[in-house]
Every structure is written in structure tokens, then in C-alpha cells.
Amino acid sequence: MHRREGLAKLTGRERYVDDLPLDDFLWGMTVRSPVPRGRVTAVRFGADVDWSAFVIVDHRDIPGPNEVILIERDQPVLAAGYVRHVHEPVVLLGHRSREGLRRAVRAVEVVVAPEPPVLDFRVPPRPDQIQYGRDNVLKRLKIEKGDVERALAQAPVVVSGTYETGAQEHVYLETQGMIAWLEDQVLVVKGSMQCPYYVLSALKHALARDESRVRVIQTPTGGGFGGKEEYPSDIALHAALLALKAGRPVKIVYDRGEDMAATTKRHPSWVRHRTGLTRDGRLLAQDLEVVLDGGAYVTLSPVVLSRGIIHAAGPYSCDNVRIAGRVMFTNAVPFGAFRGFGAPQTLFACERHMDVIARTLEIDPVELRRINLLRDGQTTATGQVIRDGTDRVAVLERALELSDYRAKRRAHAAFNETHAAQRRGIGLAAFYHGAGFTGGGEVHLNSRVRVAGLADGRVEVLTANIEMGQGTLTVFTQIAAERLGFAPQDVAIAEADTGRVPNSGPTVASRTTMVVGRLIERACDDLRSRLEVDAAVRGASLRAAIVRWHREHAAERLVGDAVYERPPGISWDDANYRGDAYGAFAWATYVAEVEVDLATYSTRVTGFVAVQEVGKVLNETLARGQVQGGVVQGIGWALMEECKFRDGAMINNQLTNYLIPTSDDVPPIHVAFLENPYPHGAQGAKGLGELPIDGPAPAVLNAVAAATGADPRAVPLTPERLMAIADFGLRSAE
Amino acid sequence: MTVLLPGSERDALEMLAAADGDAVPIAGATDLLVSWPGRLEDHRKTYVDLSGLAGLRPLRWTGDELVLGGLTSYWDVIRDVRVRQEFPLLVAAARQVGAIQIQVRGTWAGNIVNASPAADGVPVLMAYDAVVELESLRGREEVPLDRFYTGYKEMRRRPDQLVVAIRLPRRPYSVQKFVKVGSRRAQAIAKVGLAITRAAAGWRVVAASMAPTIRRCPTIERLLEEGAPVRGPDDLLPAIARDVSPIDDIRSTAAYRKRVMARVLYYELREACGWRA
């Protein structure tokens, strides 16, 4: 089936938030902190602006608590006398002309008495830098299995290593944007977002309005990658505050520079591995320390850390595991949700470390993985017994076969002998990604979906899950159509409008198809039971039954309903981090081939194979696109995407200086799926969205290590960084 | 902002003279657009839009010169078969400028007067001994490109002068190389750029992103003329240190730039110069 909104997007007719017609409105902009930490002593409005033509909002205009409510309540909507990061919002301005507003924002001076900031999350803070709890630790989590100390003491070999990853910018094509206005007494906020109910909850809290007086509507969203998970709550609050004070609609749309400088990024990480093994490479103990940079507010960091440590030990069997994780407060712009959510960081460390182990023990990196990969009946670090029937070694084998791994290794060795200034290499990463919210998260979300039977016999699927380019509208249509025997055009997908759709949870965590899709199937079944027909009634006869029902029940609504139920046999102990972390994991092996130019230290990825087992693939075109996009994003993170910070804020906040791969920087990406249907996902699907960002960075760096003999431990592996760790003599080709 | 639309070259020169140094000539406006959202002061300037002056557009061949017009674009050069044969570095550099949309709008003259130390077009022009032809109401002036820049974004062009032509002598070349090292394979700003030619007139080695201006490297050129023995990239470092002064900036580091310049030079010239390790 074709992408539902594809034609509108292809022809430029799709209307994003900035394209929506809006009458008699004001533009909104944000005055931000110039320094990373300090007390605001004054806000000065310059003399050469006529301020009577502006709507001005500060923290005193907030009707409710000055808090962006999320996991904690530590982040103010607008700074109230104290700032904790550069670009922290202090004052909002509204004005008719965007140009006039740009000048006005520069005419406001936020005067701050600076205090010592903490800018390096790896260094223990000094007493005068403590700003959160007793030690600046935003969250601490620990996983323990077996007896790590004893196993390490007895292990014949112990291999240690530390690994680091940098921040990453989402680079969604559409920047953050929101419009707000009052419709009678109802505040309507519309914009680009992944989680309408998160925005609703933030608005209700800080504006002290109940649900009947706030409505949040998602507009077609031009990419999110997690960047529109929590941040839209901030900008929605800003637009709403201006609109309430102005009594007129207000639109805030960030330009690229503001978006890159002021919004969230992927958490930087530092991971230490200490691994005990037998001499032939069997894992005996894994001791890990995981540290993330959280930035100046808690935002989603505790759950990013949670997912990070749960994935940190890799898809391997090991009886003794200890993973100690913490997220540190720093005076940086808060880090936030980004596709993979902590797992790419820890899986980079794990899979790069596997190659470091292989080199140390002088064994084949493939063999090392093959002997340690989880077999059915074995347990993960949290003690989750894996018995999904997937042959993880077969996933590995398929990737080796498709990449022609063995032959390539021989060919590269020959090539490297005869070429003076190029080195070729191949590397792999085996990994996994848990789909849906962690542990008891899905139970806590209590997601609800409705499928309404319409008077003309069609159905309407009502969820709060959104399309952001990944294909939600299309896959939801397919799921409902397949369940009911309908043609796609007889399935409507409701706009994600909190005034109409139930809270089916956020569009994050690779949960949309697997979890919400399954709820759609159950709501379809519930619709049938309300019609008192059985599963054999499909297609035309079902449509007729719906039409008949409406004739018999004039002015009533026919709605099938489903609420999340935890799959049987799943249990999670959140206090001790033990048990079934996820209902299902997707499994993968990625193989990267690279060519390194010894003259310029630059790495080009020349081949890529991505093999994954994701349950049932519902739409191969979309699934392939997810994998290819994730691989490209992962290659960017591995080699070139580097956020340069000063005082905790990104200073290369332009697409000329923060580079993402062009089509010429990525090779053809060979995508293959192995299918092992998951009984509790829609049509057997498991989550797929995040998985593909986990594998490319370690696979690419392992390939660089194989090509050059260098030992890179950090991403992005820019040419400058490779030069710093490897001095390649230029051999002459004689 | 004020945009003046001259009907002729003469008009344009009068507008520039009348503005007394406050008018900025624009052609493709591609460099202006890059800084437009951030530099509000640019929004209040006066611009003389040259894009309608069709006479400045074509490139011409004479018996001993290729003459690029003041409005000749990168794309005009890319699609010219003769340029590809006689001045292949012009085509190679033009293809490295931004995206195709930029190549179509951007002009060689604009690349010269924008005076970026990381320019892609200027190094190859300089390696071909280009001469810049400047015109004003006070007359015509010729400045060799390798003497055009006097400092960072400073050049021998008065505000009332227009670049109306760029003249390149036609010569047989035995070596022609252009290397741009960026952080990705397309649409990147040069971290190290090198244009190298060798003709009867001698070697030309021009470096980009290695100094406050694009510049020739006289010490390296002399080293090549003299046929000094070079046993590896490190042997080139002392000459590089005399010729250029790269910095740490948002795109790269001084250390990387120096070392990579040495390695690229060594690798590119090893065969032509018969260097043996």
C-alpha cells in the first residue's frame, strides 16, 4: 500500500505548522540566557525600541506553577531570577513583524551575576559547582547479576576499556514550531510534536487549566527522532503564554540556528568496561560503569539512562554482570530523547569493546560473538529469560553471508599490501533493541485506542500517535484494514487532537506499530463484538453491519475500545532492576566496510549490510526506509556529526558547520529482514524504529580498526580525532 | 534594504560611485544568503544587483587567453567542453562548490570578492595565474590575483570598482591538481584546499583554509623548482610553516591542516617529482 500522505508531501501540498493560515496573529520569540549559570540581576529593555508595540511575558505571567512537568519538576518554563544554562528562556516577546521581533530580542539584555558552572560531566564537581542533590547526580541506577567481583578475580583474562560518544543533533527537516490561540475559553495549541498528551499535561500544569479548557493538536510533523518528544512542551507553553497575554493567536517557529542551539541533543556518554573471559573468549564477568551528561535539567534523562544500562551488556550470555549508571547534572543545554534513547551509546561501547577483546585475545571477532550470543533459555543482564525462538547466530551468519565477510577480509588484506595511501577494512556489530516502554512503563501508560464505526460503514481509528515521516498513518491503516477485511480507503485515521482522541501514549520507544498497532487490532475486535458479529464477518458484510447498526441506533456512537494489557508471563521489579525489561527485543547484526584515506585520515563507508529480526514486517518499503535512515544517521554520528560546545551550548549551530552525511557519503545499504512473529505485537510485529541507530557506529569503527590497526574509542571519529590516535606512515608503492 | 537594478554596466558603475562606498554589488547573492538570518545589519544595506547585465555573463576565448566575465557562473564553466580540456581544475573546483543550485547562481567574480580564505574557486584561478580586471568610472585596472588580497577579507578593490573580467593565460601544463579536503564528500567547506600547476612559467602551489587569505606558497614552489629531495610528508613541513599559518577554528585544527597539507602534497606530487621514501 502507498504511503497515505505521500502525494501531499511529494507535491508540496502538505501543510506544516508554519504553512497554516492564521489571521491577525503575533510572532513570538524568546530572549535567552547568555551565560551558563548565575543569578539574574536585571533584564534591561533597550531604549531604541518602542516596547508598547510588543507583548512581553516573563515568569510572573505564568498562572500555575513555573514548571515544565515531566519526570521531575525542576525545569522552569521561564527562568525566575536564576539561570542554569546558556539559552535558557527568560523573557518572551510577541510582535506583528518577525523582523522587528528579531531586532527587539537583541535589544533585551539579561544581566547575570555569574556563578561557577560545571561543564564536564566526567569530572567530579567541586563543592561550589554542586547544584543538584549532594553530588550533581540526576539519577543513579544499577543492575546486578551473579557475583562480578569473584568472577573477575577468578577470570583467566580481564580486558578493560573506556569508550565515549558525543552529542548528536536530530536535524529533523522541519524545525520546532507551535501556534496557540483562545477559542472561546479553550486554549488551542497546534504544532509539530510526537506526544500530544505530554504537551497537554505540561499546559494543564503550568497554566492551571483543566482538560476541558486545553486542546492540543499535532500538525504534520517533518521528522522528530525524539527531538519532538519533550521539547514541544516548552515551546507550546511559550506560545500559549504569549497568546493568553496578547489575546491573539501567536506563532513561534524556530529558525535552524535557534533550533540547533537551544533544543535537546543526544546525551554524551562515557562507558568503562571490565570484562572477565576464558582464554578462548567465553564471557565470565561484565563490569560496567555508564555515565551520561544530562545537562541542566532532569527532562527524560533517568529513562534514557535506564534504557542505556539495560542494553549495555549487549546481546550476550554472561552469568556475572554489574552495570552502574549515573546521569550527571551539568550547566549545558539539557540533553534529551533521541532515537535509541541511551542504547546507541552503551551498545557502541559494548560492540567496540568486543573487538578490543578479540584483538587482545587474538581471536576472531565473529567467533567471539558467536560463542557468547544469547541462546534461547539464557538470561540478559536483568535476568530476563530469552525464549522467543529467534536464532541469533543465524542473524549473524546471514549478515556475514550477505556482506561476503570472509572473502572481503582476504581481499582487503591484499589491497592493503599494495596500496600506499588507502586502507580497507570490514567490521561488524551484533546488537538488540527492546521495544516499547521499559519494565512497567507500558502498564503505567495505560494506553487506550478507539476504532469508531461510521454511519457510512467506514471506520475511524482514534489514537494520539502521530505521523512524522516514519509511516504511522499508513501502517495503522494497514492494521485496521487487515483486521476488518476493509480496503485502505475505508479506514480513516483521526487527527491527533486531544479533544477527540484517547491517550494511546507517546510516539516514541519503537512502540507505535507493536504496542499501539496491537491495540488497534483489539479495538477492531471490540467493535465487532459491539455489533455482535464474529471474526468471520469481514469486508462488505462488516461494513453493512455497521451501516445497519447506525440505522437502528440513530444519533448514537459505535466505538470499539481497547486498553493496554501486559502480555502474560512478564514481570519487572523496578526497585532492583530485575526481570523482563521489554516484552520483545529485535535482534540485529550490521556489517560495515570502510576505506580510510591515510593522507587525509578521512573514512568513507563503502559498503553496508543490515540484517535484523523484527518480528513480522508489516510494510517492507517503510521498514526498509526506517533501517536505511537509521543507518545513515548512525554513520553520521560515527564519523562526522560533532556538536562543538562553548559554555555548554552548541556553537556550530548551522548546517554548514554541523555536517550530516550527503547521499555521496553513504554506500548502498543492503537491508534484510528475518521474521519471527511476536504474538503480542500487531500482526506479529516488534519495534523497529530505533534499532537501526544502534549498530552503525560500532560496526564502522570496528572496520576502521580492522583497516588501519588503529584503536578508536570515541565517536565521532573525525579525521582530526583519527590523526590524534594514529600516525600513519605513508608507504610508497614500489 | 535597498536593491538597485542597473540597466547597463555603466549604470552599475555610476550607482557604485554615487553610493560613496556604501553599496554592495551582488550577482548570485549566494554568499549573502548564508549570513542573512544572523546578520541583521545586512538587511539595511544598499545592493546593486548585477544579475540583469547579460553582457557580463559569457566566457570568451582569445588566442592566448580564457576570459571569464564578471557574471560567469560555476555552471557556465562546468558545461563548457573547452574549459574542461584546457583548464580542468576550473571544472573540478566548480563541482566542489556547494550544491548544483549554488553552482548555477554563484559566480567566479563573486568568489574572488567575497574573499573567503576557504574559497573553492580562487585557488584554481590563482594556480592558473589569473588576472582580475576591475572597472570604475575612473577607468580600468588589472591586478594579478596572487597580489589581489592584502589581508583577511581585505583586497585591492575599491568600493566603486566592479570585477568585470578574469583573464587566464592559455599555456600547456604538465601538472594540474586540485584537492579539497572537507568533512564530507560534497557540500562542505574546505578544511584544506590545494591547487597545483606546473607550466613553463614554473610551479604554482596555492593553499586554501591555511591562512587569512587564499595564497601561493613560495617556499614550496621553490622547493619544487629546485627538485629538492623529499623522503616523506614530514620533509615538507618546514616549508609549509614558512608559507602558511593555519588556525584552530570551528571546522578543524591547525595541527590537522598542516599535517594533511604535507601528506596531500607528498601523495599528489610523489610521482610527478620522482620522490622516493
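Pop out the Kirkwood hydrodynamic radius of the range A:294-406 from its pairwise C-alpha distances, inverse of mean 1/r, in Å to one decimal.
Working: mean 1/r = 0.0628 Å⁻¹.
Evaluated over the range A:294-406, this radius sits at 15.9 Å.
Could you work out Rg/(2.2 N^0.38 Å) for the range B:173-273, with Rg from alpha carbons only? List each step's numbers first, then the result.
On the way: Rg = 12.9 Å, N = 101, 2.2 N^0.38 = 12.7 Å.
So the Cα radius of gyration is 1.02 times the expected 2.2 N^0.38 Å.
What Kirkwood radius, in Å to one decimal, follows from the Cα pairs of the range A:80-149? Walk me through the intermediate numbers first.
Values: mean 1/r = 0.0606 Å⁻¹.
Kirkwood radius, the range A:80-149: 16.5 Å.
Could you work out the pair-distance distribution P(r) of the range A:349-507 from its alpha-carbon pairs, with 10 angstrom bin width and percents rounded to whole numbers?
In order of increasing distance, the bins hold 8, 22, 21, 20, 17, 9, 2, 0 percent.
Considering only DSSP beta bridges where both residues belong to chain A, give the percentage that are antiparallel (nearest 5).
If I count the DSSP bridges inside chain A, around 80 percent turn out antiparallel.
If the chain between A:A208 and A:D497 were fully stretched, how many nm would it gain, using 0.36 nm times the residue separation less the Cα-Cα distance?
Taking A:A208 through A:D497 to full extension adds about 102.0 nm, to one decimal.
Report the Cα-based extents of chain A along its three principal axes, largest first, to the nearest Å.
Result for chain A: principal-axis Cα extents of 77, 74, 52 Å.
Below 15 angstrom from the Cβ of A:G389, what's the summed charge of the other residues (Lys, Arg +1; Asp, Glu -1)?
Charge balance near A:G389 sits at 0.
Considering the zone a paramagnetic label at B:A54 would reach in this model (a point 7 Å from Cα along the Cα-to-Cβ line), which residues of the range B:1-42 have amide N under 20 Å from it?
B:5-13, B:27-28
Quick one: if the Förster radius is 45 Å, what FRET efficiency do A:D48 and A:K9 give, using the C-beta to C-beta distance and rounding to 0.05?
0.55
Given q = 0.13, 0.15 Å⁻¹, what are the Debye log10 I(q)/I(0) values for the range A:441-563, with equal point scatterers placed on the Cα positions and solvent ignored?
After summing over all Cα pairs, the log10 values are -0.46, -0.61.
Counting each DSSP H run of 4 or more residues in chain A as -39500 (n - 2.57), what helix-only mean residue ellipticity at 222 nm follows after dividing by all residues, to the nearest 500 deg cm²/dmol?
-9000 deg cm²/dmol, from helical runs alone.
If I histogram all Cα-Cα distances within chain B using bins 5 Å wide from 0, what percent of pairs lands in each bin?
Final binned percentages: 1, 6, 12, 17, 18, 16, 13, 8, 5, 2, 1, 0, 0.
What net charge is computed for the residues neighbouring A:E229, neighbours being all others with C-beta under 14 Å from the C-beta of A:E229, Lys and Arg scored +1, Asp and Glu -1?
+3
Using helices alone, what [θ] at 222 nm do you get for chain B, with -39,500 (n - 2.57) per DSSP H run of 4 or more residues, divided over all residues and rounded to the nearest 500?
Details: 11 runs with 91 residues, N = 277.
Only helices count here, giving -9000 deg cm²/dmol.
List the residues of the range A:109-142 whose backbone N lies under 17 Å from a point placed 7 Å from the Cα of A:T41 along the Cα-to-Cβ direction.
Taking a point 7 Å out along Cα→Cβ of A:T41, the residues of the range A:109-142 whose backbone N falls under 17 Å are A:109-117.
For each of A:H419, A:H433, A:H59, count neighbouring Cβ atoms within 10 Å of the residue's Cβ, then give the residues from fewest to most.
Exposure proxy ranking, most exposed first: A:H419, A:H59, A:H433.
Nearest 0.05, what FRET efficiency do B:L5 and A:R106 give at R0 = 35 Å with Cβ-Cβ as r?
Here the calculated transfer efficiency is 0.70.
Once you put a point 7 Å from the Cα of A:H553 and another 7 Å from the Cα of A:R98, both along the Cβ direction, what distance in nm separates them?
Roughly 4.8 nm, to one decimal.
Sticking with the crude label model, points 7 Å out along Cα→Cβ, report the distance from A:V186 to B:R39 in nm, one decimal please.
4.8 nm
Taking amide H atoms as placed 1.01 Å from N in the peptide plane, list the residues 5 or more away in sequence, or in a different chain, whose amide H sits under 5 Å from that of A:V157.
Hits under the 5 Å cutoff: A:L277.
From the backbone phi of the range A:642-657, what are the Karplus-calculated ³J(HN,Hα) couplings (6.51 cos²θ - 1.76 cosθ + 1.60, θ = phi - 60°) in whole Hz, Gly and Pro given as x?
With the stated coefficients, the range A:642-657 comes to 10, 7, 9, 10, 9, 6, x, 10, 5, 9, 9, 8, 9, 6, 7, 10 Hz.
Distance from a point 7 Å along Cα→Cβ of A:H419 to each backbone N in the range B:243-277: keep the residues under 19 Å and list them by number.
The answer is B:263-271.
Give me a comma-separated list of calculated 3J(HN,Hα) values for the range A:96-105, in order, Karplus coefficients 6.51, -1.76, 1.60 applied at θ = phi - 60°, integers in Hz, x for any Gly or Pro.
So the Karplus estimates, Gly and Pro as x, are 5, 9, 5, 5, x, 5, 4, 5, 5, 4 Hz.
Within a 10 angstrom radius of the beta carbon, how do A:D287, B:D11 rank from fewest other beta carbons to most?
Fewest to most other Cβ atoms nearby, the residues stand as B:D11, A:D287.
How many percent of Cα pairs in the range A:1-47 exceed 13 Å? If you can, show how the numbers build up before the last one.
Numbers: 829 of 1081 pairs.
Summing the P(r) tail past 13 Å for the range A:1-47 gives 77 percent.
Work out from phi, with θ = phi - 60° and the Karplus expression 6.51 cos²θ - 1.76 cosθ + 1.60, the ³J(HN,Hα) of each residue of the range B:92-104, listed in order in whole Hz, and give x for Gly and Pro.
Per-residue couplings from phi come out as 4, 6, 4, 5, 8, 7, x, 9, 4, 4, 6, 4, 6 Hz.
Grab the beta carbon distance between A:V157 and A:Q489, set R0 = 35 Å, and tell me the FRET efficiency rounded to 0.05.
Working: r = 62 Å, r/R0 = 1.78.
Efficiency for this residue pair is about 0.05.
Decide, for the range B:11-99, between rounded, prolate and oblate: order the square roots of the alpha carbon gyration tensor eigenvalues as a ≥ b ≥ c, take rounded if a/c falls under 1.5, and otherwise choose prolate if a/b is larger than b/c, else oblate.
oblate
State, as an integer percentage, the relative contact order of chain A based on alpha-carbon contacts under 8 Å between residues 6 or more apart.
Values: 1823 pairs, mean separation 111.9, N = 734.
15 percent.
Once label points are set 7 Å from the Cα along Cα→Cβ at both A:K142 and A:D456, what is their separation, rounded to one decimal in nm?
In this crude spin-label approximation the distance works out to 6.2 nm.
Compute the signed sum of charges (Lys and Arg +1, Asp and Glu -1) over the other residues within less than 15 Å, Cβ to Cβ, of A:V40.
Computed value for this residue: +2.
List A:W587, A:W572, A:W181, A:W51 from most exposed to least, where exposure is judged by having the fewest other Cβ atoms within 10 Å.
Final ranking by Cβ density, sparse to dense: A:W51, A:W572, A:W181, A:W587.
Each reported figure results from applying straightforward, stated rules to the coordinates on display, with no laboratory input. Treat the numbers as computed from the prediction; the structure is a model and nothing was measured. Quick reminder, even Gly has a Cβ in these numbers, built from the backbone with ideal geometry, and neighbours come from all protein chains shown.
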